[in-house]
1. Would you mind telling me which residue in B:Ile68, B:Ile48, B:Ile103 has the biggest mean-square fluctuation in a Gaussian network model of chain B, where springs connect alpha carbons within a distance under 10 angstrom?
2. Would you list A:Lys49, A:Lys83 from the most to the least accessible area, probe 1.4 Å?
3. List the residues of the range A:119-142 that lose 50 Å² or more of accessible area once all protein chains are present, compared with their chain alone (1.4 Å probe, heavy atoms only, no ligands or nucleic acids).
4. Output the Cα-based Rg and Dmax of chain A in Å, rounding Rg to one decimal and Dmax to a whole number.
5. Apply 1/(1 + (r/R0)^6) to the Cβ-Cβ distance of B:His41 and A:Thr94, taking R0 = 30 Å, and write down the FRET efficiency to the nearest 0.05.
6. Over the protein assembly as shown, how many pairs of lysines fall under 19 Å by alpha carbon, counting only those 8 or more apart in sequence or from different chains?
7. Describe numerically, in nm with one decimal, the distance between label points set 7 Å from Cα along Cα→Cβ at B:Tyr76 and at B:Asp56.
8. At A:Ser66, with labels set 7 Å past Cα in the Cβ direction, how many nm apart are the copies from this one, shortest first?
2 protein chains.
Amino acid sequence: MANTRWLDDDEMAAWTSFLEATHRVFREVEAQLRDEAGLSHPQYEVLIKLHGAGADGLRMTELATSLITSKSGLTYQVGQLEKRGLVTRGACPTDTRGVTARITPAGSEALRAAAPGHVERVRSVLIDLLDREQLTAVTDAMTSVNTRLREDG
Amino acid sequence: MANTRWLDDDEMAAWTSFLEATHRVFREVEAQLRDEAGLSHPQYEVLIKLHGAGADGLRMTELATSLITSKSGLTYQVGQLEKRGLVTRGACPTDTRGVTARITPAGSEALRAAAPGHVERVRSVLIDLLDREQLTAVTDAMTSVNTRLREDG
DNA sequence: ACAGGCGAGTTCGAATTTGAACAACGCCGT
DNA sequence: ACGGCGTTGTTCAAATTCGAACTCGCCTGT
């Protein structure tokens, strides 16, 4: 193996600032959702995806892939949401093995109730702290990362 | 309460790309550390901080604050590292209540062993995917976020 | 039609995380 | 010196997370 290409000052600054920011942002967002909406962030993300999917719902694997989470973790979270009546599980029409998750009216309502506080917190810990130039720069950089990482899976 | 200031397209793009990227990046980094170094990312972060602190070590609370983690979580992780001989806990000279954590030679060695693979993965999932301009833009934006969020803590 | 390989979801056990409660101590004003 | 309050670090129970193993159904080649 080749010698390690250590991070130079700029690279290290990028990594450490990224690390700190993500920890801070997620801590804040998770606290807000738990305290004000009674939802964990993973649960909120599930509801958002299912809401966007409409009446057809989504297969468990599609959901896990798009949320970048483990299959077992998703099974657990969907189970929790199902217990609370925010989500239903149904058979998949085209695949006997498949499970289709759908959001319920109660789930949509929970989302409607949670969204304002959530958005406000997202603003206060990230969006509103950046000017327009920084905002598009972040989007640009993160999109680059996502595009590359989607490829080799 | 005022009407919610919903996110416009650019703002939403920033948030969703940030969300996806952080999930992907952390998933990759954690997998690398677990598989190749037998360390969790939180543990690696503890070792890094203690390594940087030198022989004086760090108080538990200082450590928790700088890692942006909960006190109880840190107690657990330091306990794990202590079991494995990578860290020691000692009384704090200036405060009877205090506990000072220090990295051991074995801990430094574990860090030396883990670092190359870790850095390589950090490069491959983030640093090397950005050009110099994007790199500084990310640092700039994340530093803004950190500076603001450190204030009202 | 059938075997082998692959994919879908769940289950399982172990490890981890969190906030709240707790015991002990420092610090400040009186 | 002392009472009261904020801190420090740990403990606790409960919830969550992960990967590996597993079951069962799809699908391709022969």
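The values are calculated or read from the model by the stated rules, or taken from the named source; none is laboratory data. Quick caveat: nothing in here was measured; it's all calculated off a predicted structure. Positions of Cβ are backbone-derived with ideal geometry, glycine not excepted, and every protein chain shown enters the neighbour counts. Each accessible area value is taken on the protein alone, full model and side chains, heavy atoms only, with ligands, DNA and RNA left out. Shrake-Rupley method; radii C 1.70, N 1.55, O 1.52, S 1.80 Å.
1. Evaluated over chain B, the most mobile residue of the options is B:Ile68.
2. On the way: A:Lys49 80, A:Lys83 160 Å².
Per-residue accessible area, sorted high to low, gives A:Lys83, A:Lys49.
3. Buried on complex formation: A:Val119, A:Arg123, A:Leu126, A:Ile127, A:Leu129, A:Arg132, A:Gln134, A:Val138, A:Thr139, A:Met142.
4. Values for chain A (Cα only, Rg and Dmax): 18.5, 57 Å.
5. Numbers: r = 39 Å, r/R0 = 1.29.
The formula returns an efficiency of 0.20 here.
6. On the way: A:Lys49/A:Lys71; A:Lys49/A:Lys83; A:Lys71/A:Lys83; B:Lys49/B:Lys71; B:Lys49/B:Lys83; B:Lys71/B:Lys83.
The number of close lysine pairs in the protein assembly as shown is 6.
7. About 3.1 nm separates the two model spin labels.
8. Spelled out, the distances from A:Ser66's label point are 4.2 nm.
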